[in-house]
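Shown next, in structure tokens, is the structure this report addresses.
The values are calculated or read from the model by the stated rules, or taken from the named source; none is laboratory data. Just so it is clear, the structure is predicted and the values come from calculations on it, not from any experiment. We place every Cβ from the backbone using ideal geometry, glycine too, and count neighbours over all the protein chains shown. Each accessible area value is taken on the protein alone, full model and side chains, heavy atoms only, with ligands, DNA and RNA left out. Shrake-Rupley method; radii C 1.70, N 1.55, O 1.52, S 1.80 Å.
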Amino acid sequence: MDFSVATLNFLANIGIILPYVLILFKYQQTHSVNYLVAIIVFYVARAASVFGTKHLGLKASNYLLICLWLGIFGSLLFSITSNLIAVIIGALCLGYTSANIWPYYLTIKLHLSQSTDFKLKQMYWLIFLGLGLLFGLDFWLDLQYRLAFVLLAILFVIAIPAGHLLNQFSLAFYDEHAAGQAHPVKIWRVVIFIAFFAAIALLTLLRKISLTIALPYVLGIIVIAIILLNIELAADWKFMPANKVRILNRGFLLSFVLLFNSFFGYFMFGTKGMYLVFALYLLGFEGGRPLYLAIAPNKQRATQLANGGLILGHLLALTTIPALYAVGLLLIAMAIGFENPAINDSVYAAEKSDPDLAIIHKYRFSTYGGLLCQLCFFGLLVTVSAVNHLKLMAFFNPSNPALKSSYQMGMAWPLVGISLVITLINLYGQHQQASKDLAA
């Protein structure tokens, strides 16, 4: 059972990225159109699934089990066939699991912290090393990632007992808190939802292949998508009592660092730029909170330092000096890491009517922020490409570092500006709320 819980912990923590990486590697190896379609379907399903959950009226622990079973089914499909219909179904299953396994796992952990003394054992984290070595073995022996998908399916199977265990542990919590009701599906939102994610699918496809569509039409799709996104955002605005702008800001910053800069890193840092950006993010996200708490006398002062570092990080990200740019990204990642536990506690404490939905709402608003960043990013890219007579793929498959200044002035600086405005609005809102709480 310890191994099962450790495996579930592993899958919950890396589930959002591992299936995507495996499908992407499979496409890079085969260049098969089927796997390209699977990437698009997975990406859209992962982005969309967090908006389509909680319509069955089940408990968070039941949704977690659904994620595990869909993970088994999707992984097996990728391990045994490359048939187009099969990999599409597999991508839908893994996309839903990737979007929801961590939010529901975290929800149950928070439930258990309220009703039991359940804690993860330190040994549970050792499984990260062992399983990482197993996946590395697939890459090293060039087994065409079949072993990796089989292993992923086996891990989901191993995690099933842990899912049932957490379901049993959470019964005490649900004895005191009624499970949330099913949320009715509204037809007008379904239509907008389909239209929006169809646009996202097309824009994602444009990132992957040299599909020729007149840039004004692409820009029109982006504008329509932004309008639809804001309609969806307005419809969900009332469902979260507080922290909305705070979480939107988090999602925007995540996409700015991990999506935009994973590509722009080539122009700033060279061929290893993507890896450097990812390393800076991991270092900042994991080290930000312990570092600020270690150097500050109290949490309030640590928060002030993190916020100051976030603003300074934006300013450094405007520079043309790679070292300063790297420090800027690190400071932004540190602020995200510092804020994350506080956001989790805050949204969970603020949700009174249905605690199962607290973390799901967090990830919905974070996804809104991330999608807004992506749409702004793509809109700026289309504009820069049209003005400079460049192909869209020149940014995603970079080969000419001389384009750095064009992309920096036309894309990096505006994105930093938008992010800084959202950040300042967020910090002002937090300051106002703190003043009200102090007065009360």
Residue check for residue 375: open to solvent by less than 40 Å² (accessible area, probe 1.4 Å), part of a helix (DSSP H, G or I), in contact (Cβ under 8 Å) with a residue 60 or more places away in the chain and at negative phi: yes
What tally of residues in segment 391-420 results from selecting those that are surrounded by 14 or more Cβ atoms within 10 Å (Cβ to Cβ) and in a loop (DSSP other than H, G, I, E, B)? 2
Among the residues of segment 254-267 satisfying the criterion of being open to solvent by less than 10 Å² (accessible area, probe 1.4 Å) and not aromatic (Phe, Trp, Tyr), which is farthest from residue 364 (Cα to Cα)? 265
Could you please find all residues in segment 1-39 being of a type in the set (Gly, Ala, Ser) and either within 18 Å of the chain's Cα centre (by Cα) or not assigned by the TED database to the domain that holds residue 89 (or both)? 12, 15
When residues of segment 343-354 are filtered for being of a type outside the set (Lys, Arg) and surrounded by fewer than 16 Cβ atoms within 10 Å (Cβ to Cβ), how many remain? 4
Looking at residue 51, is it assigned to a loop (DSSP other than H, G, I, E, B), over 19 Å from residue 162 (Cα atoms) and not small (Gly, Ala, Ser)? yes
Please indicate, with yes or no, whether at least one residue in segment 40-51 is open to solvent by 50 Å² or more (accessible area, probe 1.4 Å), assigned by the TED database to the domain that holds residue 151 and touching a residue at least 60 places away in the same chain (Cβ under 8 Å). no
